[in-house]
Every structure is written in C-alpha cells, then in structure tokens.
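These notes are about the structure you will find just below.
Where a number appears in this text, it was derived from the coordinates with a stated rule and is not lab data. In this text the structure is predicted, and so the values were computed from the model without any measurement. Here the Cβ positions follow ideal geometry from the backbone for every residue, glycine too, while neighbour counts run over all protein chains shown.
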Amino acid sequence: MRTIATIVIMMVATSSLSAQYDRRYEVGLFGAFTKYDKAFNLASKIGGGVRFAYAFTPMIDVEVEALFQSPQDVGTAHLEPLIGGGSLVVNALNAPRMSVYVLGGYSRLDFGATSPYRFTDGGFHGGAGAKFFMSSRFALRFEARGIYTPSTTSAFPGASKSATHLVASAGLAFFQPDAARRAGDADGDGVLDKDDACPDTPIGATVDKRGCPADADGDGVLNGIDQCPDTPAGATVDARGCPHDQDGDGVLDGIDQCPDTPAGQKVDAKGCPLAAPGLADSDGDGVNDLLDKCPGTPAGAKVDSDGCPIDSDHDGVWDGIDKCPGTPAGATVDATGCPHDSDGDGVFDGIDQCPNTPTGTPVDATGCPLDSDKDGVPDNLDKCPNTPAGIKVDANGCPIEHDSDGDGVPDQLDRCPNTPPGSKVDQFGCVLLFEVTPAPPGAPPARPTLILQGVNFQTGRSILTRESYAVLDQVAASLVANPEIRIEIAGYTDSTGRKLTNMRLSMGRAGAVQHYLARKGVNPMRMRARGFGASGYIAPNSTAEGRAKNRRVELHKLN
C-alpha cells in the first residue's frame, strides 16, 4: 500500500510541476491586513499592494512586492506606512489546480517622516500560502507571514530591541501563457488549434488526425486512458475503464441481472443461479427445494443462500418487494415498504414523537416543534427567538422585564449588564464616567474629570496591576456604549525622583491605560494620552498618604 501511494504521489507531482513551470512570470495585486507590534502603538490597518515573481524551476520562485498602508494619525504624528520586501518562494506542493508554498526573505518598513515614527526598520520574514488556479493564466492567492526585526530603530517607552509584525493578504495573480497555448495547441493532443476539431480533449487520450478521441469499447472511457480497452458492451467500469464483478460469478456488473449471487453458485449467461439438474425450485427464488430453508418465499423477494427473504431495513417488507428499501429504523410503512408522514412535517410516523404538529411548523429530528432558545415557546410562535437562557418570557416568547444587576436599566436595554452594585449609570446601564458640577457664579466651567480609583501600576514602572483590570473594563464598556465621548488620559506622579524620569513615567502609565482601553474596543482616535509628571498635585507631597494620592491617572472629557 505504501509503495502504491508513493507512485501516485510521484505521478501527481510530475504532471503538476510541468504545469507550474509553464507559469514563468507572475504579476499580482492584493489586499492586506497588518497587525503591528504592540510597542509601536499603531492600529491594525487594511492596505493594498503589488508583487512581481519569476519561476526559475517548478519548485523555486523569487518575488518582490510593495505594500501600501492606509494613513493613520497617532497623537500629532501622521503616518503613511510602506512595507517592501524580496522573497525566495518554495512550492512545497503543486497540483494542476493548486500550489501550496512557503517563503522567506527580507522586508523594509518605512513609517513616514513625523516623530516619533521618523525611522525605517529592516527585518526578516517568513510565511506560507496557497494559489488556486482558475485557468492557466489566472489564480486566487492567499498568504500569511510574520516580519521579525532583531533590532528596531524605534525609541518608544517600554519597547524592546526586537519587534514582530503580522501580515495576512488575499489577491489575484496573473501568469505568462503556458507553453501549449503559446505553441497553438491548447489541449496538448499534438493537433494544432487551427486544425483541432475537438479542442478540449482530456490529457492522455489518443486522437485521430482531426484531434478527436475515440472510445472503441463504448464504456465511456476514452482510448489512451482506458486500461481495459475490450470491455463487453453494457458492463459498468471504473475511472480506468475496467469492469467489476462484485459477486465473483464471472458475469460483469452491468450485465449481471442477479448481482448478489452467493459464492460458488453456478450461474447462467445473465449471472443468475442455475438449479441443479433434476431438482425443482417451487418458489422460483433461485434456490432448489432441497436446499431452500424458506420454500414459500413470495414472488419477487430477494433471498440469501438458504432461500430465505432478506429485509435490509427491517421494516417487515422483503427486499425486492420493498419500494422504499432505505426506510429509517422505527418508521411505520405500508404494504410496499414506504413510510407515512401523517402531519407532513418531514418526520416519518413511528419516529415522530409529536405526530399532530400543525402544518408549516418547523420541527426537530423527532418531529417536535423547534424551540431554538429553549424558552418554552415554539419558534413559529416566538416573537423574540434569541432570548438568553434562564430569562423568563411571556406567551409570545419575549423576556419579562428584568434588571439582573439592579442598576435601574432593564436587561434588554442594558449594554453593561454586570455593573458593580451602587454604581451611578447612564441611560445604557453603563458606569457614569463624568458628572457635570455647576460652577460658582462668574467662574469658568470646570472640565469634567474622573480619577481612576483602583488603577495601579507596578512600582516605578508603567505596567498595570491585575487588580486594575476590573475598573478599566467598566470604563471601556461605558466608552463603547457612548461613542461620542472623546477623552484625554492624563498621568501624574508625586514629587519624588527626577523631573525627567517622572515625566516619562507618567506618560508611560497614561499610554498603558490607553492601550488597554483600545484592546477592549475603544477607538484609539477618541483618546489621547499625556504625561504631566509631578505637576497638578491634589494632596501635599510631604506625607506618604499625600504622595499616594498624587500618583494617579485621570480621564478628562474633551467634548
């Protein structure tokens, strides 16, 4: 078996490699999705590009490409990233309609001319992909690759020396015409297209001077492909043109009128059993009376080697008489072996556990009305078909008003269903981030501000503690539910330490909060992060308690 499989693989590989080699030049257009290293603080973007490739051998290509990213703004920086690269492509698996490949090479990444993104990185890339050929000149191409920069020239706070970016692409590939078409013989049968009366001849078939194939034995498999060219008329054959004899009686399938003859039974030219000389077969089932253990078999019923009727689907009606031989177990049938469906729901009587389902009602495999959301109301009557599990519903299947988290907003309207007890919420049931406090007469209105109580960082670093996540999750949910709000994330420190160190630390902590909120679905364009160092203190720096209050992150509402 292993030897046969090896031969088949070699045959497929040989034919497919020659087809691939004909496609020497490739020009491609593609769209791409790029996910940058998180240290770069860039949003994942969609872009597009072009590529050019040349095949040196059936297995080896080289290609170059350029990927242009859609512009984006990060703070005051305006970026129009560009990624260029060159690759060595190895076609690991080639078939007539598909190629699977791996690639590796060098990439160059340019992020524009605005600080802090005014730099260019180089890196190595590797990936894999597949081409699906629609014709000899056109294919769909899909690919995924990673770009690794061992030593980035960026200078972002908290960034490591290396960076990794991911790119997924999908596009179109166009190829140089294959050799057969350039020679004017599209089907490769040796007859030029201008003289070929049958231009779509399958590969391997023998043809006449007009380019048309023949089928000498009339079995549907063309000469040249047919490995059994003298098959008798009427016999069924496989893809190689060779006939079968399923019951081994010497009469080929398609000609055999008794295809299930027991082994060793003598048969006539039609493949049907012969009765032994001088022995009778009273019931005409092909088994002589001396051997027939079921001598009263009804006419037409199929029997086994003992002359007893067969009932393959166990519905009580013998094979040969049974007009519906594949009846499911348990279904009730009529005299011809065909099942009933009294209520017309597609589930047979005997299997149908709900036999009187109203017409038109969707049912499950047991014939009972579907209740997709398991609320006790059938789908055809359920006006709220996607009710969450455990919610009480009315007769129409719609939830009875309920407020699971007790924030005053019913569950069906609550966009933040797990608000902590006692929290002030907005009309969407989300934590109210900003409260407007009336300013004293003559004073300018105060900027709405929220101090993020419970959001803490590792000592001397801009890494959030795990206990901070619950607070930021509530903030993110509220911002997602109120997309019109724009915020400034402000980081502050106490007066301990050097001024420049405090400024960088406060900026890093504000950036960490911005990155976390973006990961939870808040659009980065709605946020900006700023560090204020030890300025804007709200408590004396002379005490430990005061310094702890001054080490904080605030949200300022910008609109």
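A few points about this structure:
- Average Cα contact separation per residue, the range 289-392, under 8 Å, 6 or more apart, as relative contact order %: 12
- Taken as Cα centroids, the range 94-150 and the range 471-531 sit 34 Å apart, rounded to the nearest whole angstrom.
- Degrees between helix 499-519 axis and first principal axis of the chain (Cα, 0 to 90, nearest 10): 30
- Nearest-ten-degree value, helix 2-22 long axis tilted from longest Cα axis of the chain: 60
- Normalised contact order of the chain, rounded percent, pairs of Cα under 8 Å and 6 or more residues apart: 6
- Reachable lysines from K209, criterion Cα separation under 23 angstrom, eight or more residues apart if same chain: K194
- Cross-link pairs beyond the 28 Å C-alpha cut-off, checked among K38/K131; K266/K293; K270/K302: K38/K131
- The length gained on full extension between C354 and I46, counted as 0.36 nm times the residue separation minus their Cα-Cα distance, comes to 105.6 nm.
- Trypsin sites (Lys or Arg not before Pro) lying in DSSP loop within the range 221-326, provided at most 16 other Cβ fall within 10 Å: R240, K266, K270, K293, K323
- Cα gyration tensor shape of the chain, rounded if a/c is under 1.5, else prolate or oblate by comparing a/b with b/c: oblate
- The range 449-557: relative contact order as a whole-number percent, Cα under 8 Å and 6+ apart: 37
- Diffusion coefficient of the range 449-557 by Stokes-Einstein, Kirkwood radius over Cα pairs, 25 °C, 0.890 mPa s: 176 µm²/s.
- Cross-link partners of K45 among lysines, defined as those whose alpha carbon lies under 18 angstrom from its own and excluding same-chain residues fewer than eight positions apart: K35, K520.
- Low-density loop cleavage sites - trypsin sites (Lys or Arg not before Pro) in the range 481-559, where at most 16 other Cβ are within 10 Å (DSSP): R486, R498, K520
- Taken along its three principal axes, the alpha carbon spread of the range 404-452 comes to 44, 20, 15 Å, from the longest extent down to the shortest.
- Based on every Cα atom in the range 200-274, Rg and the maximum pairwise Cα distance Dmax equal 15.4, 50 Å.
- Inter-label distance, Q257 to I538: 9.9 nm, where each label sits 7 Å from its Cα along the C-beta direction.
- Computed per residue of the chain from DSSP H runs no shorter than four, each worth -39500 (n - 2.57), the mean residue ellipticity at 222 nm is -4000 deg cm²/dmol.
- Debye intensity ratio I(q)/I(0), log10, the range 317-375, q values 0.21, 0.25 Å⁻¹ (C-alpha model): -0.76, -0.94
- Here the spin labels are modelled as points 7 Å beyond Cα on the Cα-Cβ line, and at R461 and N482 they lie 3.3 nm apart.
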